[in-house]
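Student: My structure is below; once you've seen it, I'll send some questions.
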Amino acid sequence: MAALRIFSYLPNPRVWKATIAARFCGVDVEVRGASGKELRDWLWDYDARPLAEQERAELASLARTGRVGLTGAQLFKTDAFMAAQPFGNVPAAFGADGKVGIFESNSIMRAVARLGETTFPLYGRDAFEASRIDSFLDVSLVFARDSQIYLLALSGGTVDAAIHARARDAFAIYASGIEQALSPARDALVGNGISIADICFAAELALFMNEHARTDQLRKQGLEKILHAGVSDQYPLMFAHFARLIEHAYFAPDLKPYVAKLSSKAAA
Ligand SMILES: N[C@@H](CCC(=O)N[C@@H](CS)C(=O)NCC(=O)O)C(=O)O
C-alpha cells in the first residue's frame, strides 16, 4: 500500500510537487484522479472513484457546490472526505489508513519529504535550512494565490485589468526574490542541493505558464502577457534555474512535457 494517496484533477503541477519529491526520497505515492471536468462525476473520498449516473442520482444528498476552480459545480464529497479535508479542496492527500488528511500542495510535498528524510534531505539539513525552505514555500503560496485567481479568470473568460495587474505585481515580487536568492551564481534556492523549495518553485512557474495558452483572452482585453518574450532577460538566473530543473531526471517525467507544450504555445 502506498505511503500516501493523492486525489486531484489531472494533470496538476501542484500534485507533481509530491511526485517529484517522492522520486528523490523513494516514497511510494499513489495518485488518483481525472480531468477537472470528469471530477464532477467522481466520488470525492479517500476511496475516490468515478460514479455511474444512477449512483450520482442516489448520492444527490452529498452534492456540495464547488467554490474555487470548479465554481458552481455539484461535487460529491463524502462526510469522511470533509472530515479529513476541511476545506474540501484538491489536491487532497491521505495517510495510508485514509484517516489523516493533508491539504495544501506544499504541505503534501512536505509530508513526502518527511517520510523519506533518511533517503534524501529534501527538507534541509538542520532547523535553519528547514525554516528557510519554509520561507520560500510561504512566499510561493502568496504568489500562487494571485496566480490561481489570474489563471482561473483567463480560463473562465473573466480576466480584467485589475486581476491582471495584481498577478503582474505578484509575479514581479516573486521573480525578483528568486533572482536575488540565486545570485550571484547559485544552483539551489537553499543550501547546496535541491530541496522542496526548488520543487515548489518549478511547479508554480510551470503552472503560471498556462498564460501562454490564453493569449487570445489577453488580446481581447488589450492586456500584455506577464511572461512576455523578454521576461527571461529580466530574470536570467531564475529562468536558467527553471530550465535546469525541468531537465533533471526526477522533475522531467512530470514537468518536461507539460512545459514543452506550453512553451510551444508561447512560440506560436
Ligand atoms: N493552494 C491550494 C489550492 C487548492 C485549490 O484551490 N483547489 C481547488 C481547485 S483549483 C479546489 O479543490 N476546488 C474545489 C471546490 O471549490 O470545491 C494548493 O496548493 O493545494
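The values are calculated or read from the model by the stated rules, or taken from the named source; none is laboratory data. In this text the structure is predicted, and so the values were computed from the model without any measurement. Cβ coordinates were reconstructed from backbone atoms using ideal geometry, including for glycine residues, and neighbour counts include every protein chain displayed. Accessible surface areas use protein heavy atoms only, side chains included; no ligands, DNA or RNA. Shrake-Rupley method; radii C 1.70, N 1.55, O 1.52, S 1.80 Å.
Student: Considering only DSSP beta bridges whose two residues both sit in the chain, what percent are antiparallel, to the nearest 5?
Tutor: Expressed as a percentage, antiparallel bridges in the chain total about 60.
Student: Rounded, prolate or oblate, given the Cα gyration tensor of the range 87-173, with a/c below 1.5 counting as rounded?
Tutor: Judged from the Cα gyration tensor, the range 87-173 comes out oblate (a/c at least 1.5, b/c at or above a/b).
Student: Given Cα positions, please report Rg to Rh for the range 4-115, the hydrodynamic radius being the Kirkwood one.
Tutor: Dividing the radius of gyration by the Kirkwood radius yields 0.97.
Student: Accessible area per residue for the range 1-71 in Å², computed with a 1.4 Å probe and the full protein assembly in place, what is it?
Tutor: 49
Student: Take the alpha-carbon centre of the range 1-33, take the same for the range 107-175, and report the distance between them in whole Å.
Tutor: Here the two parts' Cα centres lie 17 Å apart.
Student: Okay, moving on. Could you work out the relative contact order of the range 1-126? I mean the mean sequence separation of Cα pairs under 8 Å and 6+ apart, divided by the number of residues, in percent.
Tutor: 31
Student: In the structure displayed, which of LYS17/LYS37; LYS37/LYS261; LYS77/LYS220; LYS17/LYS220; LYS220/LYS261; LYS37/LYS99 lie more than 25 Å apart, Cα to Cα?
Tutor: LYS77/LYS220; LYS17/LYS220; LYS37/LYS99
Student: Dipole of the chain, Cα-centred, from +1 at each Lys and Arg C-beta and -1 at each Asp and Glu C-beta, to the nearest 20 debye?
Tutor: 400
Student: Something else about it: With labels modelled as points extended 7 Å from the Cα through the Cβ direction, what inter-label distance (nm, one decimal) is found for ALA267 paired with ALA63?
Tutor: According to this spin-label approximation, the distance is 4.5 nm.
Student: Out of ALA197, ALA249, ALA206, any idea which swings most in a Gaussian network model of the chain, alpha carbons joined below 10 Å?
Tutor: Checking each option, the largest mean-square fluctuation is seen for ALA249.
Student: Would you calculate a helix-derived [θ] at 222 nm for the chain, using -39,500 (n - 2.57) for each DSSP H run of n ≥ 4 and dividing by the full residue count, to the nearest 500?
Tutor: -16500 deg cm²/dmol
Student: Further, regarding this structure: Sum up the charges of everything whose Cβ sits under 11 Å from the Cβ of LYS77, counting Lys and Arg as +1 and Asp and Glu as -1, but leave LYS77 out.
Tutor: Combined, the nearby Lys, Arg, Asp and Glu give -1.
Student: Based on Cβ point charges of +1 for Lys and Arg and -1 for Asp and Glu, what charge dipole magnitude is obtained for the range 28-120 about its Cα centre, in debye rounded to the nearest 20?
Tutor: Magnitude of the dipole: close to 340 debye.
Student: Just to be sure I understand: with springs between alpha-carbon atoms less than 10 Å apart, which residue in LYS225, LYS37, LYS17 has the highest mean-square fluctuation in the Gaussian network model of the chain?
Tutor: In the Gaussian network model the winner is LYS37.
Student: From the Cα gyration tensor of the chain, with a ≥ b ≥ c the square roots of its eigenvalues, which class applies: rounded if a/c is under 1.5, or else prolate if a/b is larger than b/c, or else oblate?
Tutor: Since a/c reaches 1.5 but b/c is at least a/b, the shape of the chain is classed as oblate.
Student: Right, next: Where the accessible area of the chain is counted over protein heavy atoms with a 1.4 Å probe, how much of it, in %, is carbon and sulfur?
Tutor: 54
Student: Can I ask one more? Projected area of the range 127-267, taken from the Cα convex hull and averaged over every viewing direction, in nm²?
Tutor: That works out to 8.2 nm².
Student: At 1.4 Å probe size, what's the solvent-accessible area of ASP45? Round to the nearest 10 Å².
Tutor: 30
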